[in-house]
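The values are calculated or read from the model by the stated rules, or taken from the named source; none is laboratory data. Keep in mind that what you see is a predicted model, and the values were worked out from it rather than measured. Cβ placement follows ideal geometry from the backbone for every residue including glycine, while neighbour counts extend to all protein chains displayed. We work out accessible area using only protein heavy atoms, side chains counted, and drop any ligands, DNA or RNA first. Shrake-Rupley method; radii C 1.70, N 1.55, O 1.52, S 1.80 Å.
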Amino acid sequence: MDSLHIAITIGVVVLATVLDRFLPYIAFPSGKPIPAYVQYLGRVLGPAVFGLLVVYCLRNVSLTAWPYGIPEAIALLVVWASYLWKRNMMVSMAVGTVVYMVLVQTVFAAV
């Protein structure tokens with residue numbers, strides 16, 4: 001890439017970032033009620049993304065071969081329990097990830 005293309009790329013990235021940061025304030029100014037569909041999306045998108053993440057993470061789990069999905073099941077239970085305890089999806093995902101990584105790298109490590 002020559003200097004002109006690099007400058008254009010940087011300009012487009014900066015413009016997209018600025019637009020991304022300011023568009024919500026332009027589309028939904030303070031004092032104006034937020035549309036019902038946006039409020040609905042705010043309520044349902046978090047759990048929907050979390051559900052998609054669970055499906056994505058479990059798509060290649062084999063229940064017919066060692067370790068039979070045991071580390072995944074334990075990690076899911078930890079995520080579920082930590083969410084019931086803290087009511088925070090980010091904490092639950094982090095704790096579940098750590099537990100899963102420890103299990104597959106130590107307890108259920110391939111021999």
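Worth a mention:
- A 1.4 Å probe run over the chain, with the rest of the protein chains in place, finds 81 Å² accessible per residue.
- Ordering 27, 110, 61 by Cα displacement along the dipole of the chain toward the positive end leaves 27 in first place; charges were set at the Cβ atoms of Lys, Arg (+1) and Asp, Glu (-1).
- Subtracting the Cα-Cα distance of residue 32 and residue 73 from 0.36 nm times their residue separation leaves 10.2 nm of extension gain.
- Measuring nothing but alpha carbons in the chain and taking Rh as the Kirkwood radius, the Rg to Rh ratio lands at 1.18.
- Per atom type, the chain shows carbon and sulfur on 74% of its accessible surface, probed at 1.4 Å.
- Counting only protein heavy atoms and using a 1.4 Å probe, the accessible area of residue 12 comes to about 90 Å².
- Only Lys, Arg, Asp and Glu carry charge here, each on its Cβ (+1 for the first two, -1 for the last two); on that basis the chain has a dipole of about 420 debye about its Cα centre.
- Here the Kirkwood formula, the inverse mean of 1/r across different C-alpha pairs, assigns region 40-89 a hydrodynamic radius of 12.3 Å.
- Ranked by the mean number of other Cβ atoms within 10 Å of their residues, highest first, the peptides 40-46, 82-88 fall in the order 82-88, 40-46.
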